[in-house]
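Structure first, commentary second.
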Amino acid sequence: MTMHPKPASATDRPSTKKATITEDEICRRIRDSVLEQRLAPGTKLTEESLCSVFGAGRTTVRRAFLLLSRDNIIELQKNKGAVVASPSPTEAQEVFEARRALEASLIEKAVKKCTKADIETLRNHLALEEEALRRADIAQWIRLTGEFHLHVARIARNEPMYHFLEQLVFRTSLIITLYGKHRRSAPNCKGDDHSQIVAALEARDSGAATRILLHHLDAIEAGLNFGTRHSGQDLHQIFHGAQAS
């Protein structure tokens, strides 16, 4: 009996449809660009421009806008669309005040709860920071230095405090991009401070960990110049560059 091959089903056939970007992916790309201090405060984000940059539909972009506005990364302005948040000098000072209070509490909790695995995770992260500097990948290094603070916060195992700090870290990146004296050419976080914080956590020295952290945040704030405001860049250059890196 002649056997005829069974026609391939829809699930068997290789898909030729191009994957559609989601609002979560758009949010991730914009958040990364903020953390890397490539997307400047005040940059206008129109639906049309992001549809063109990401190849997304308007509905997807609108959903991404809502998610980003919830985290205070963008501001939705009536009849003007969305713009990257642009903190005022007063707001900048309030962000650092909030970070000092919040992170001092988080690091005390982290000292009590950190495990050997947590310390190993932090040391691996420090190695990534050093590698990014060695390769002169400043964008990645800037993002990693911001993420270090979130790794420490995660060890504290307090979800509400972690998510609050996450918003403050994004706001800090916007503040440094806007008011940083030397912008991306000067470190906004010193790796040596990070390594000292890890050493204090490993030694369970709460006093030293808190002291180093607060000095660290003070130094970042001292590196701001509220008389200077930097402008934005072309969106295609920002996001296509991020995708390639």
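Among the residues examined, GLU130 does not qualify as acidic (Asp, Glu), on the phi < 0 side of the Ramachandran plot and outside the structural domain of ARG204 (by TED's automatic domain parsing).
Inside region 136-151, can you point out the residues that are under 13 Å from LEU122 (Cα atoms) and without any contact (Cβ under 8 Å) to a residue 24 or more places away in the chain? LEU144, LEU150, listed by residue number. Selection within region 1-40: residues that are assigned to a loop (DSSP other than H, G, I, E, B), surrounded by 10 or more Cβ atoms within 10 Å (Cβ to Cβ) and more than 14 Å from the chain's Cα centre (by Cα). The member of this set that is modelled with the lowest pLDDT is THR20.
If we keep just the residues of region 133-186 that are in a loop (DSSP other than H, G, I, E, B) and not aliphatic (A, V, I, L, M), which is nearest to SER86 (Cα to Cα)? Restricting to residues being in a loop (DSSP other than H, G, I, E, B) and not aliphatic (A, V, I, L, M), the top hit is LYS181. Filter region 62-89 down to the residues that are out of contact with any Cys (no Cβ under 8 Å at 6 or more places or on another chain) and assigned to a helix (DSSP H, G or I), then identify the one that is surrounded by the fewest Cβ atoms within 10 Å (Cβ to Cβ). The qualifying residue surrounded by the fewest Cβ atoms within 10 Å (Cβ to Cβ) is ARG70.
Among the residues of this structure, SER105 does not count as one that is assigned to a helix (DSSP H, G or I), in the same structural domain as LEU35 (by TED's automatic domain parsing) and either of a type in the set (Gly, Ala, Ser) or under 17 Å from GLN196 (Cβ atoms) (or both). For region 152-169, a residue qualifies if it is without any contact (Cβ under 8 Å) to a residue 60 or more places away in the chain and surrounded by 21 or more Cβ atoms within 10 Å (Cβ to Cβ), and the qualifying residues are VAL152, ALA153, ILE155, ALA156.
Screening the candidates GLU108, GLU97 for the property of being surrounded by fewer than 17 Cβ atoms within 10 Å (Cβ to Cβ) and in contact with a helix residue (DSSP H, G or I) (Cβ under 8 Å, 6 or more places away or on another chain) yields one hit, GLU108.
The values are calculated or read from the model by the stated rules, or taken from the named source; none is laboratory data. Everything numeric here is computed off the predicted structure, so don't read it as measured data. Virtual Cβ from ideal backbone geometry, glycine too; neighbours counted across all protein chains shown.
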